[in-house]
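Here's the structure, in structure tokens; my notes come after.
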């Protein structure tokens, strides 16, 4: 079994208990309802503001409107979380820290989406990009397939971690665009400070 596969398998095993009760471990501010444009949210010591993409008109006021929210942790914050977690033995922690150093030196973006259709709640439906100072492209890519969770009161939902493969410092901008949109203009934009 190759080394990177073992680390990915380990991360899945590490995350599996979280996936079982995932919605209870997602910060409430990400799940309560749709975010409004230009309204700051404070998560994991960062201020995140949706620049555009918030619900418009009546849809913004519905409790069941689609939700798209993000949070961000630096690589240092993730390292500290792993080191302080007493349920992880040292060998496993070392493997995860090595994987973090190789695959996510810029930290991790946490993306939460709810949608009316199963297909659109799958992260594989989206492309994402990260820009430093709104002009320097840091990373761009198609998100990986992850089956959505069964609908609850807010429809089909998903919560994924997006590793940032290059070092980055806040502030930066995270853009999200659906694969099937003909426009290259992103559907959602978030400023992370």
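General observations
- Among the residues of segment 130-142, those that are part of a strand (DSSP E or B) and closer than 16 Å to residue 50 by Cβ comprise 130, 131.
- Test: residue in segment 34-44 that is assigned to a strand (DSSP E or B), within 16 Å of the chain's Cα centre (by Cα), surrounded by fewer than 15 Cβ atoms within 10 Å (Cβ to Cβ) and at pLDDT 70 or above: yes
- Residue that is nearest to residue 52 (Cα to Cα) [pool: residues in segment 179-193 that are at pLDDT below 90 and surrounded by fewer than 14 Cβ atoms within 10 Å (Cβ to Cβ)]: 185
- Test result for residue 107, touching a strand residue (DSSP E or B) at 6+ places or on another chain (Cβ under 8 Å) and either crowded, with 17+ Cβ neighbours inside 10 Å or touching a residue at least 60 places away in the same chain (Cβ under 8 Å) (or both): yes
- Residue check for residue 97: assigned to a helix (DSSP H, G or I) and either within 15 Å of the chain's Cα centre (by Cα) or closer than 19 Å to residue 164 by Cα (or both): yes
- Residue 166 within 23 Å of residue 43 (Cα to Cα), in contact with a strand residue (DSSP E or B) (Cβ under 7 Å, 6 or more places away or on another chain), assigned to a loop (DSSP other than H, G, I, E, B) and touching a residue at least 40 places away in the same chain (Cβ under 8 Å): yes
The values are calculated or read from the model by the stated rules, or taken from the named source; none is laboratory data. All figures in this text were calculated on a predicted structure; none of them were measured in a lab. For neighbour counting, all protein chains shown are included, and Cβ atoms are generated from backbone atoms with ideal geometry for every residue, glycine included.
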